[in-house]
Amino acid sequence: MSHATPASRALVLKEFGALPRLATRDVPEPEPGHTLVRMTAATVAHLDLNILDGQFGVLPDLPFVPGTEGSGIVLASGAHPEGALVRVRGEGLGLSRDGAWAEHVRVPDAAVEVMPEGTDPVLACIHFSPVGTAWAAVHALAQVRPGERILVTGASGAVGAMAVQLAARAGGEVVGVVGRPAKLPHVPAAAQAFVAGRLSEEAIGGKADVLIDTVGGAVLREALTLVRPGGRAALVGYTAGRELTLDLADFLLADVALLPVNMISRGTEVAPEVLRLLPDLSSGELSLPYEQYGIDHLDEAVGRLRSGDAVGKVVIDLS
């Protein structure tokens with residue numbers, strides 16, 4: 001008597017510059033040194049879009065399943081407990097090996113982190129990067145102190161919203177900046193909110209001590225003029241533009257320290273801090289914005305991310 005091989009859906013990329021298409025494939029077989037995971041959620045991030053577009057430094061062989069981060073339930077593993085909720089990322093996931101945009105993935109044991117019991121699966125999937133990045137910007141690099149004025153760009157996004165909340169917790173007076181009026185309601189209540197084009201020293205009540213910039217481009221250039229001499233600027237992202245042109249004479253006169261937030265080098269440092277903040281995320285004391293789409297609505301998810309309309313993280317629901 002023959003048994004049918006269990007089938008699993010996955011988003012498969014067949015050519016760069018196009019979107020992956022939904023396909024059915026066999027569930028991967030368990031393998032020593034690897035963990036088989038039934039996925040519940042996966043992020044759609046700008047890194048993933050760079051890979052889809054063929055614009056990343058190291059590109060996978062095609063056909064290929066994208067997705068650099070996700071969460072799910074352990075089905076088989078020699079290293080992690082079966083039935084545990086886990087976060088999967090790293091070890092080439094979604095870069096050099098098939099990634100998280102699938103109902104089942106087999107990943108190296110080292111790419112798996114067990115989440116605390118009761119963690120929401122979407123939160124497990126999305127929390128590490130924005131929380132870790134915001135913590136590094138606010139504490140490790142900018143070293144925000146009570147009473148300081150903190151300017152946060154991209155304040156309705158996942159990293160920006162978290163930076164607003166952590167800077168306020170540190171005793172800062174926070175000003176949140178967004179690119180369009182529709183995003184003003186999504187800035188956390190801890191900040192006074194402005195649209196980028198309406199920024200001025202008078203509007204925000206004087207120069208800022210600290211800038212946490214999550215978008216780059218022209219917004220960063222404008223925001224830097226609002227930081228006091230001796231102030232600090234933590235630079236996180238570049239969704240609004242990858243280039244920053246400075247007049248060196250003006251820059252030296254401004255005397256603002258530019259502090260790049262490199263999460264590749266700081267991941268280990270921030271990991272315990274992220275874990276410490278996870279209960280506050282679970283309880284809602286800290287909020288992390290996201291939008292959720294079904295596996296058959298990837299085009300909509302990617303469109304929202306590309307246009308800048310998405311509020312917070314973008315997630316594919318695989319449950």
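The figures follow:
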| read-out | value |
| --- | --- |
| Residue ID - nearest to Gly172 (Cα to Cα), chosen from residues in region 209-219 that are open to solvent by less than 10 Å² (accessible area, probe 1.4 Å) and either assigned to a loop (DSSP other than H, G, I, E, B) or in contact (Cβ under 8 Å) with a residue 60 or more places away in the chain (or both) | Val210 |
| Val159 being open to solvent by less than 10 Å² (accessible area, probe 1.4 Å), closer than 19 Å to Asp280 by Cβ, part of a helix (DSSP H, G or I) and β-branched (Val, Ile, Thr) | no |
| Residue under evaluation Thr43, criteria (1) out of contact with any Pro (no Cβ under 8 Å at 6 or more places or on another chain); (2) hydroxyl-bearing (Ser, Thr, Tyr); (3) more than 24 Å from Arg306 (Cα to Cα), criterion not met | (3) |
| Residue count for region 39-63, restricted to those that are open to solvent by 10 Å² or more (accessible area, probe 1.4 Å) and either in contact with a strand residue (DSSP E or B) (Cβ under 7 Å, 6 or more places away or on another chain) or of a type in the set (Gly, Ala, Ser) (or both) | 6 |
| Residue match in region 50-62 (condition: part of a strand (DSSP E or B) and of a type outside the set (Gly, Ala, Ser)) | no |
| Number of the exception - Thr225 against (1) more than 22 Å from Thr133 (Cβ to Cβ); (2) in contact (Cβ under 8 Å) with a residue 40 or more places away in the chain; (3) of a type in the set (Ser, Thr, Tyr) | (2) |
| Which listed residue, of Ser2, Ser8, is open to solvent by 10 Å² or more (accessible area, probe 1.4 Å), modelled with pLDDT under 95 and more than 26 Å from Gly308 (Cα to Cα) | Ser2 |
| Whichever residue in region 247-283 is in contact (Cβ under 8 Å) with a residue 24 or more places away in the chain and part of a loop (DSSP other than H, G, I, E, B) and, among such residues, is nearest to Ala124 (Cα to Cα) | Val261 |
| Residue that is nearest to Ala102 (Cα to Cα), among those in region 1-56 that are over 27 Å from the mean Cα position of the chain (by Cα) and acidic (Asp, Glu) | Asp26 |
| Qualifying residue in region 189-206 (condition: open to solvent by less than 40 Å² (accessible area, probe 1.4 Å), in contact (Cβ under 8 Å) with a residue 60 or more places away in the chain and either in contact with a helix residue (DSSP H, G or I) (Cβ under 6 Å, 6 or more places away or on another chain) or assigned to a strand (DSSP E or B) (or both)) | no |
| Pairs, first among the polar types (S, T, N, Q) in region 135-159, second surrounded by 20 or more Cβ atoms within 10 Å (Cβ to Cβ) and in a loop (DSSP other than H, G, I, E, B), C-beta under 6 Å, six or more apart | Thr153/Thr214; Thr153/Val215; Ser156/Val187 |
| Residue that is nearest to Ala168 (Cα to Cα) [pool: residues in region 178-207 that are more than 25 Å from the chain's Cα centre (by Cα) and among the hydrophobic types (A, V, I, L, M, F, W, C)] | Ile204 |
| Top-ranked residue of region 173-188 - restricted to ones that are in contact with a helix residue (DSSP H, G or I) (Cβ under 8 Å, 6 or more places away or on another chain) and of a type in the set (Gly, Ala, Ser), ranked as least open to solvent (accessible area, probe 1.4 Å) | Gly176 |
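Condition check ((1) assigned to a loop (DSSP other than H, G, I, E, B); (2) among the acidic types (Asp, Glu); (3) at positive phi) across all residues:
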site: Val105; (1), (2), (3): no, no, no
site: Pro116; (1), (2), (3): yes, no, no
site: Val122; (1), (2), (3): no, no, no
site: Ala134; (1), (2), (3): no, no, no
site: Gln143; (1), (2), (3): yes, no, yes
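A quick yes/no check of all residues on (1) free of Cβ contacts under 8 Å to residues at least 12 places away in the same chain; (2) touching a Gly at 6+ places or on another chain (Cβ under 6 Å); (3) more than 20 Å from Ile295 (Cβ to Cβ):
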position	(1), (2), (3)
Lys14	no, no, no
Pro20	no, no, no
Pro28	no, no, no
Asp48	no, no, no
Phe56	no, no, yes
Thr68	no, yes, no
Ser71	no, no, no
Ser77	no, no, yes
Glu82	yes, no, yes
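The values are calculated or read from the model by the stated rules, or taken from the named source; none is laboratory data. In this text, all values refer to a predicted model and were calculated from it rather than measured experimentally. Counting neighbours? That spans all protein chains shown, and the Cβs are built from the backbone with ideal geometry, glycine included. Note: accessible area is taken over every heavy atom of the protein model, side chains too, but ligands, DNA and RNA are not part of it. Shrake-Rupley method; radii C 1.70, N 1.55, O 1.52, S 1.80 Å.
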